[in-house]
Amino acid sequence: MSTINPGFGRLLAGCGGALLIGSLFIPWSESAAGVSQSGWEVLTVSDVLFLITGLFGIAAAITGGRFGFFRRDLSLNGATDILGLTAGTLLAWLIVFDWPSGASRQAGLYLALVAAAAIATGAGDFRVTSLFPGIPGR
């Protein structure tokens, strides 16, 4: 019996991708002077990773992850799952250890973390059974 729900996984990956891209435009930090900065302004390189992760989440939701990504044995779901996990880990590290001193964390940062978790969970929740058959004997 499988606990995998492809419809819900696709919904999670797609909504997470849209939320991650949208969160880059919401304020992520506020300085002591009261100046808010969006994700694009706070980050230098990581914002591009978050944009790519969001686009992969949307693409995996639209296509169902049926296509290989540069290799036949690596599906779009697998690549999206890896990117979502990497983005979530990077965001958690940023929140806990590497946040600029004197700046407060705003809602956009936490929305991005939730979106990365949704992408990783959603992409890992659905799979193409023709590429990844079930384990025999279950």
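Bear in mind that the values in this text are calculations on the coordinates, not laboratory data. Remember, it's a predicted structure, so these values are computed and weren't measured experimentally. FYI the Cβ positions are ideal-geometry reconstructions off the backbone, even for glycines, and counts take in every protein chain you see.
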Read phi for every residue in the range 46-62 and hand back ³J(HN,Hα) as whole Hz from Karplus 6.51 cos²θ - 1.76 cosθ + 1.60, θ = phi - 60°, with x for Gly and Pro. 4, 4, 5, 4, 5, 5, 5, 4, x, 5, 5, x, 5, 5, 5, 5, 6
Residues in the range 85-114 near a label at Val48, defined as backbone nitrogen under 17 Å from the 7 Å Cα→Cβ point? 87
Per 0.36 nm of contour for each residue apart, how much would the distance between Asp98 and Val114 grow if the chain were fully extended, relative to their Cα-Cα spacing? 3.9 nm
Taking amide H positions as placed in the peptide plane 1.01 Å from N, state which residues far from Ser38 in sequence (5 or more) or on other chains have amide H under 5 Å from it. Trp28
Difference of contour (0.36 nm per residue) and Cα-Cα distance, Ala33 to Leu11: 4.0 nm
